[in-house]
1. Specify the inter-centroid distance of region 18-33 and region 52-72, based on alpha-carbon positions, in whole Å.
2. Note the full-extension length gain between Lys66 and Ile7 as 0.36 nm times their separation in residues minus their Cα-Cα distance, in nm to one decimal.
3. What is the gain in length, in nm to one decimal, between Ile100 and Glu73 on full extension, counting 0.36 nm per residue of separation less the C-alpha to C-alpha distance?
4. Using Cα-only point scatterers and the Debye equation, what is log10 of I(q)/I(0) for region 1-86 at each q in 0.15, 0.19, 0.23 Å⁻¹, rounded to two decimals?
5. In whole percent, how big is the carbon plus sulfur part of the accessible area of the chain, probe 1.4 Å, protein atoms only?
6. Can you tell me the FRET efficiency between Gln15 and Val59 if r is taken as the Cβ-Cβ distance and R0 is 25 Å, rounded to the nearest 0.05?
7. How large is the dipole of the chain about the Cα centre if only Lys and Arg carry +1 and Asp and Glu carry -1, each at its Cβ, rounded to the nearest 20 debye?
8. Need one word for region 31-134: rounded, prolate or oblate. Basis is the Cα gyration tensor (sqrt eigenvalues a ≥ b ≥ c); a/c below 1.5 gives rounded, then a/b vs b/c decides.
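The values are calculated or read from the model by the stated rules, or taken from the named source; none is laboratory data. Since we're looking at a predicted model, the values are computed, not measured. All Cβ positions, glycine included, derive from the backbone under ideal geometry; neighbour counts span all protein chains shown. These area figures cover heavy atoms from the full protein model, side chains too; ligands, DNA and RNA do not enter into them. Shrake-Rupley method; radii C 1.70, N 1.55, O 1.52, S 1.80 Å.
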Amino acid sequence: MKKIEHIGIAVKNLQTSNLLFTSLFGKEPYKTEIVESEGVSTSFFQVGPNKIELLQGIVKENPISKFIDKKGEGIHHIAFEVDNIYKEIQRLKKEGFTMIHEEPKKGADNKLIAFLHPKSSNGVLIELCQEIEK
Ligand code: ZN
């Protein structure tokens, strides 16, 4: 893994939270994007070298609403950038980690993504992401 790519925060209302985080960071999100495959709407803030992703569920069954029901709003996942997501998934499986996605899928912000199951990483939900070459 190369570095933390972004930190994901689960929110109930993206519009309200965009305003809140805009006043917190002193700047607006650089993009908002719907991720159909996950049933979520997202926005991204650039804070110095770091990115913060806000996520809101927009369909009936989605991972963000489920998370908020259980734990409330707050930090949802930490995403790490990798060079080769296919190789990294194989490596982590060999190390005994449980993947939620054994095959990468298209995520927000032009990335291939895969999540590890938090039960195999001390309750921390970890996302792997690799930039899709244009
Ligand atoms: Zn993410």
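1. Centre-to-centre distance over Cα atoms comes out at 19 Å.
2. Gain in length upon complete extension: 19.4 nm.
3. 7.6 nm
4. -0.56, -0.87, -1.16
5. Ligands and nucleic acids excluded, carbon and sulfur reach 53 percent.
6. On the way: r = 17 Å, r/R0 = 0.68.
That gives a FRET efficiency of 0.90.
7. 240
8. The shape class here is oblate.
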